[in-house]
Every structure is written in structure tokens, then in C-alpha cells.
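Encoded as C-alpha cells, the structure appears first; notes follow it.
The values are calculated or read from the model by the stated rules, or taken from the named source; none is laboratory data. Keep in mind it's a predicted model, so treat the numbers as computed, not measured. All Cβ positions, even for glycine, are placed from backbone atoms using ideal geometry, and neighbour counts span all protein chains on display.
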Amino acid sequence: MAAPPEDDGLSRSMAWALKNLGGPITVSTPAREARMSERGYLRHFARSQGISPIRWLISQRVRASLPLLETSQASVEEVSAAVGFASPVTYRHHSTKIMHTSPSAYRRGFRTVQVAREAARTDLRSPSFREGHAGSASRRTVAT
């Protein structure tokens, strides 16, 4: 059974929004992408997705910010602008609400985990670790 034409338009509008997260997006543009009136778009989006278009957009912007926080040295202000938030204050508010932590705390936490993983990998590769654990497999064998 084919999806209703509204679903195709909705999918098209959501894909467009994801490609354009960094810029300002009002309801009129994705509604136009979906070939719907603004009011029809709002109703159909909420019925189909269970969330309003603006809440969906905010969550997508927060989600898009995470790799930037994880891998770049960009400031929180630069990250907020890159994903389309009008101000860093707005970004911090929504990020904290969705992620239950501030962008700066997320970055610190992510980097702490990353450093710990790197340290563990380095320890596992070190000759002293391998030498100290070389016979451990034979010691774990249970005699029958």
C-alpha cells in the first residue's frame, strides 16, 4: 500500500530541514516544501510525528550539535550558530532540556570518556601489560 501523498511531502520537508539546519527556518518554508498550507502542515506533522515541527527542529539541531561538540574546538557560541540557533542562550536552554546537561558539560564528559578509552587502549598495547598477563589464560583453566 502506497503512503499518502502528504507523507511524501512531509518526508521531503523534513529532509530539506535537515539539510538546512544552519539557517533560519520558519513553518512556511517546510510547508512549501511539502506542498501544504502552513496550517495543514502543522496539523499533519503533529499527527504523523507526534510532535510539533518546531520541537522536532529543535531536537534535530541539538542532535546535529553533538558531533561538533565531540570533535571540534569550536566554542559553544560557534556550535549554536552552526546548527541554526539564534543565540547561544537559546541553544544552551534547549540542549540542557533535551540532553539533561549543558553543551560544555557534554563536551567535557565526552572528552573524559574519550581520554579514558585512549589510555585503556594504550595500556592494553603496552609490552608490560602483555608480559604481566601472558600466563593469565593458563591460570584460568580449571583442572578436571
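A quick yes/no check of all residues on (1) modelled with pLDDT of 60 or more; (2) of a type outside the set (Ser, Thr, Tyr):
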| residue | (1), (2) |
| --- | --- |
| Met99 | yes, yes |
| Gly109 | yes, yes |
| Leu124 | yes, yes |
| Ser138 | no, no |
| Val142 | no, yes |
The residue that is surrounded by the fewest Cβ atoms within 10 Å (Cβ to Cβ), considering only those in the stretch 19-63 that are among the basic types (Lys, Arg) and closer than 14 Å to Gly84 by Cα, is Lys19
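Return a yes/no flag: does the stretch 74-83 have any residue that is touching a Lys or Arg at 6+ places or on another chain (Cβ under 6 Å), among the hydrophobic types (A, V, I, L, M, F, W, C) and closer than 25 Å to Gly9 by Cα. Spell out how you get there, then give the answer.
First, pick out the residues of the stretch 74-83 that are touching a Lys or Arg at 6+ places or on another chain (Cβ under 6 Å): 83.
Narrowing further to those that are among the hydrophobic types (A, V, I, L, M, F, W, C): 83.
Then drop every residue that is not closer than 25 Å to Gly9 by Cα, which leaves 83.
Scanning the stretch 74-83, I find at least one residue that is touching a Lys or Arg at 6+ places or on another chain (Cβ under 6 Å), among the hydrophobic types (A, V, I, L, M, F, W, C) and closer than 25 Å to Gly9 by Cα, so the answer is yes.
Evaluate the following for Arg12: is it touching a Ser or Thr at 6+ places or on another chain (Cβ under 9 Å) and either assigned to a helix (DSSP H, G or I) or loosely packed, with under 14 Cβ neighbours inside 10 Å (or both)? Give the steps one after another, and end with the answer.
Numbers: touching a Ser or Thr at 6+ places or on another chain (Cβ under 9 Å): no; either assigned to a helix (DSSP H, G or I) or loosely packed, with under 14 Cβ neighbours inside 10 Å (or both): yes.
So Arg12 does not fit the description; no.
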Notebook entry, point to check: Just to be sure, is Ala116 surrounded by 12 or more Cβ atoms within 10 Å (Cβ to Cβ), of a type in the set (A, V, I, L, M) and part of a helix (DSSP H, G or I)?
Noted result: no
